[in-house]
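Trainee: Take this structure, written in structure tokens, and hold onto it; I'll ask about it next.
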Amino acid sequence: MKLAALVSGGKDSTFAMYKALQAGHEVIDLITIKSQNPNSYMYHTPNIHLTELFSKASGIPLLVEESSGEKERELEDLERALHKVDVGGVVVGVIESEYQASRVERICKSLGLDVYAPLWHQDSEVLLREMVQVLDIRITHVAAFGFDKSWLGRKMDEKTIEDLKTLKGRYGIHISGEGGEYESVVLDAPFFAKKIELVKTKKIWCEDYGTLEILEAMLRNK
């Protein structure tokens, strides 16, 4: 099936796209919804500009749709974007969010599109262990008890997963960040022809949350 992938540059949307490609589907378009609301209910916002490099690294064209970030009206922005691509379905990286899943499914159904959600209701720890084997993932935003500035820019690996499990036990966080506890960016994936290199970054910390602001990045050969 020819698919469009909703991408944020983060681990979940990237891994869902990887799963789609593994299953033999053809991803012919990438879609990024660029929300003006940093607390968007639907869309990832930290360092969303990096999807432009994601597109170049993967060789798949990117459609960027601007969104005011107003609750529920965000759905109109997604629908507008989907009208611009000629595909049979949409890849999404949702794991547990009924809010996101139900709304994407409703829009796709109205347009006659299938929803391909390979991560849906999968075990989070198993998913993370699979992800770190094939993706180069960096943490770019944290906003929950137990996280500190040292997490910003950290590469996700087996040790990171164990530390996330510890935070889950102490504070009840979701280890995949489904509650907004953390956000990520993918710098390399099996379907990338080149990898993304972070050239200049800045850590911003505000009492109990922080962001790794990516000021400059480039593509380089693997």
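Trainee: Somewhere in the range 137-157, is a residue assigned to a strand (DSSP E or B), assigned by TED's automatic domain parsing to the domain that holds Asn47 and either among the hydrophobic types (A, V, I, L, M, F, W, C) or touching a residue at least 60 places away in the same chain (Cβ under 8 Å) (or both)?
Mentor: no
Trainee: Now for a different question. Pick from the range 24-37 the residues that are outside any strand (DSSP E or B) and under 24 Å from Gly112 (Cα atoms): which of them is nearest to the chain's Cα centre (by Cα)?
Mentor: Here the answer is His25.
Trainee: Taking strands (runs of 3 or more DSSP E) that fall entirely within the range 55-123, which contain at least 3 residues that are at pLDDT below 95?
Mentor: 62-67
Trainee: Quick check, is Phe191 closer than 22 Å to Val126 by Cα and of a type in the set (Phe, Trp, Tyr)?
Mentor: yes
Let's see how each residue does on (1) surrounded by fewer than 17 Cβ atoms within 10 Å (Cβ to Cβ); (2) over 30 Å from Met1 (Cα atoms); (3) in the same structural domain as Val94 (by TED's automatic domain parsing):
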residue: Glu162; (1), (2), (3): yes, yes, no
residue: His174; (1), (2), (3): no, yes, no
residue: Gly177; (1), (2), (3): no, no, no
residue: Lys194; (1), (2), (3): yes, no, no
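Trainee: Regarding Leu21, is this residue at pLDDT 90 or above and either within 18 Å of Thr140 (Cβ to Cβ) or outside any helix (DSSP H, G or I) (or both)?
Mentor: No, not satisfied.
Trainee: Continuing with this model, one more query. May I ask you to list the residues in the range 99-142 that are touching a strand residue (DSSP E or B) at 6+ places or on another chain (Cβ under 7 Å) and among the hydroxyl-bearing types (Ser, Thr, Tyr)?
Mentor: Scanning the range 99-142 gives Tyr116, Thr140.
The values are calculated or read from the model by the stated rules, or taken from the named source; none is laboratory data. Keep in mind it's a predicted model, so treat the numbers as computed, not measured. Neighbour counts run over all protein chains shown; Cβ positions are idealised from the backbone, glycine included.
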